[in-house]
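The values are calculated or read from the model by the stated rules, or taken from the named source; none is laboratory data. Just so you know, these numbers come straight off a predicted model, no measurement behind them. Cβ sites come from the backbone with ideal geometry, for glycine too, and all protein chains shown count toward neighbours. Remember, those area values only see protein heavy atoms, side chains included, never the ligands or the DNA or RNA. Shrake-Rupley method; radii C 1.70, N 1.55, O 1.52, S 1.80 Å.
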Amino acid sequence: MKKLTLGITILLLLALITACASGGNNGGNGNGGTAGGAAEPDNTEAPSAEPADFKKLGDEPVTLTFFNTSGTFPDVEFKTLIADPIKKKFPNVTIERITPAATTTNEEVLSTHVPDIIYSSSSSHQKIIRTGAYEDLRELIKRHNFDESRIKPILYDYIKDMTKGKGDQIYAIPFNANQHVLYYNKDIFDKFGVEYPTEKQLTWDEVLDIAAKLTRTENGVHYVGLSVDNLTGLAKGLGLPYVDRDTGNAALDSPEWLRVFELNKRIFEIPGYVTPDGTWNWGRDQFMKDQTIAMRVTWLANMVGPLEELRQQGVEFNWDIAPAPNFEDQLGKTREAQIHSLSVNSQSKHKDEAFQVIAEILSDEGQRILARNGRVPAIINPELEKEYGLDIPVLQGKSVQNVFIGEPLQEHYIHPYELEISARMTEAAEDLAVNGLDVNSVIRKATDTINKDVETLRTTLGTP
C-alpha cells in the first residue's frame with residue numbers, strides 16, 4: 001500500500017512539472033520561463049507600463065550643442081541660466097555653446113553645424129524657418145507630456161501665430177519675456193540737478209521735457225538725454241508692424257505710424273541731440289560704456305546681462321530702472337514683449353534629450369533661476385516676479401519691481417520680409433534726424449523703398 005501511494009505521488013509530481021513546463025508562458029520563448037526550464041511564478045498583477053520610447057535625460061552621458069541666432073545672450077547668462085543648472089541636476093549632461101566668428105551668418109553656421117538647441121529672438125524666427133533647421137515640436141510635446149498651458153499666452157500665442165494657416169507647426173518654446181523698461185543714469189541726473197524717474201509711468205511728453213534738461217555739453221563731454229531705439233522701438237508701444245501681413249507691402253501709411261514718426265522727429269529736435277558732426281543714433285554703448293546717455297528705453301535683456309558682464313570686468317556706475325513710457329492714451333501698457341525662445345534642430349541626433357533640456361528650463365525651478373538672474377519668466381507664476389533679480393549682483397539695490405509696471409503687448413507678427421528691410425527704417429530715422437526731410441516726405445520715401453525691396457524679396461524668397 002505504501003509503495004502504491006508513493007508511486008501515485010511521484011506520477012502526480014511528474015504531471016505537474018510537465019504542465020508547468022509546457023504552459024503559462026503566453027508569447028514567451030517556449031521553455032517555460034527562466035534558464036534550466038524552471039517554472040516562472042504565475043503573477044496575476046497588471047503588467048507594468050511599457051518602457052519609454054526615448055532616452056531619459058541623464059540616463060546616459062550626452063553633450064548637446066547650443067547656438068544663439070539672435071538676441072542678446074552673453075556667456076555669463078548662458079552659463080548661469082542654462083549650462084550650469086543642467087550640469088548641476090544632470091552631471092553627465094553637458095551643454096556646449098557654438099560661438100562662430102562675428103561675421104558668420106546664421107545660415108552659414110546652420111549649414112556647417114548641427115546645434116541641438118537653437119536660441120532665437122522673434123527677429124530671427126522667420127529666417128531660421130527658411131533654413132529648415134527648426135523641428136516641429138508637436139510630437140515631442142506630446143511624447144514628453146509637456147504642459148503648454150503654463151506658458152504666458154502673449155508669448156505662446158505669438159509662436160503659434162507664426163505658422164497659423166501654413167501648417168500650424170510649433171517651432172519654438174518661449175524661454176523668457178523680453179520686456180521694455182526705462183534705464184537711467186543717476187549720475188547724470190545728479191550732475192544737472194534733475195529729479196529721478198519713479199515708479200510712475202511717464203508720458204512721452206514728460207520724458208521729452210526731462211531729456212531736454214539733460215541734453216548738453218559739459219566740460220567737453222556731450223550728454224544726451226534720451227535714447228529710444230528710434231522708429232522701430234517707438235512703434236512697439238503701439239504694436240505696429242512696418243510690413244503688412246497680407247500684402248507684404250509697407251504698412252507705414254496710417255495715423256498710428258504718423259504719431260511715431262512725429263514723436264521721433266521731436267526727439268531729434270531737442271537742442272543738442274544731434275551733434276554738429278551729424279551723430280544722431282544713440283544706443284547701448286553710449287549708455288553703458290561711455291555713460292553719456294541719461295535715459296534709454298529699450299529691451300530689458302538688451303542691458304541686464306551686458307551690465308553684469310561689465311560689472312564683472314570692474315566697470316560700474318549709478319543707474320536704475322523705471323517703467324517704460326508711452327503715449328498718454330496708452331498709459332497702463334508698455335511695449336511689445338519680445339519672445340526669446342528655445343528650439344530643437346530638425347537634424348539633431350538627440351532630439352528627445354534636447355527637448356527634455358528645454359522642458360527642464362521651463363520648469364518652475366528653471367524659470368526661477370531665470371527670474372532671480374534678471375530675465376522675466378515665460379511661465380505663468382506671479383510668485384517668481386517677487387524673486388526677480390535676487391541672484392544677479394548688478395541688480396542689487398535697483399528698483400526691479402518697476403519692470404512689472406504696465407502691461408506688455410503681444411509682439412506684432414514679424415513678416416518674413418521684415419528683417420530684410422529693417423535698414424530702411426534706420427534710413428528713415430536718419431532722414432528725420434539729419435537730412436532735413438519733413439515727416440510726410442519721410443513716410444512716402446520709406447514706403448517707396450520698402451515696396452521696391454518687397455518686389456525683389458518676392459523674387460528671391462517667394463511669397464510667404
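Structural remarks
- Sulfur and carbon atoms: percent of accessible area, segment 261-407 [1.4 Å]: 43
- Panel values: segment 229-366, Kirkwood radius from alpha carbon pairs, Stokes-Einstein at 25 °C and 0.890 mPa s, translational diffusion coefficient 131 µm²/s.
- Sites ARG138 and GLU218 - FRET efficiency at Förster radius 51 Å, r taken between beta-carbons, to 0.05: 0.30
- Average Cα contact separation per residue, segment 123-250, under 8 Å, 6 or more apart, as relative contact order %: 13
- Whether segment 142-287 is rounded, prolate or oblate, judged on the alpha carbon gyration tensor where a/c under 1.5 counts as rounded: prolate
- Solvent-accessible area, 1.4 Å probe, carbon plus sulfur percent, for segment 161-219: 42
- Residue separation of ASP364 and ASP157 scaled by 0.36 nm, minus their Cα-Cα distance, works out to 72.5 nm of gained length.
- Excluding same-chain neighbours fewer than eight residues apart, the lysines reachable from LYS213 by a Cα-Cα span under 21 Å are LYS186, LYS191, LYS200, LYS265.
- Cα-Cα P(r), segment 372-464, percent of pairs per 5 Å interval: 2, 11, 15, 11, 9, 9, 11, 13, 12, 7, 0
- Size of electric dipole in segment 90-219: Cβ of Lys, Arg +1 and of Asp, Glu -1, about Cα centre, debye, nearest 20: 260
- D_trans [Stokes-Einstein, Kirkwood Rh over alpha-carbon pairs] for the chain, 20 °C, 1.002 mPa s, µm² s⁻¹: 84
- The alpha-carbon atoms of segment 67-124 define a convex hull whose volume equals 91 cubic angstrom per residue.
- Per residue value of the accessible surface for the chain (all protein chains in place, 1.4 Å probe), Å²: 48
- Each Lys or Arg adds one and each Asp or Glu subtracts one; over the other residues with Cβ under 11 Å from the Cβ of PHE404, this totals -2.
- Selection from THR217, THR112, LEU202 lying farthest towards where the dipole of the chain points positive, charges on Cβ: THR112
- Potential lengthening between GLN347 and ASP246 on full extension [0.36 nm per residue; Cα-Cα distance subtracted]: 33.2 nm
- Förster radius 35 Å - calculated FRET efficiency between LEU331 and ASP190 (Cβ-Cβ, nearest 0.05): 0.80
- The mean sequence distance of close C-alpha pairs (under 8 Å, at least 6 residues apart), as a share of the length of segment 309-464, puts its relative contact order at 23 percent.
- Placing +1 on the Cβ of every Lys and Arg and -1 on the Cβ of every Asp and Glu, with no other charges, gives the chain a dipole of roughly 1080 debye about its Cα centre.
- Cross-link pairs beyond the 29 Å C-alpha cut-off, checked among LYS142/LYS164; LYS127/LYS351; LYS166/LYS236; LYS152/LYS445; LYS55/LYS79: LYS152/LYS445
- Computed from the C-beta positions of ASP438 and ASP84 and an R0 of 56 Å, the FRET efficiency is 0.55 to the nearest 0.05.
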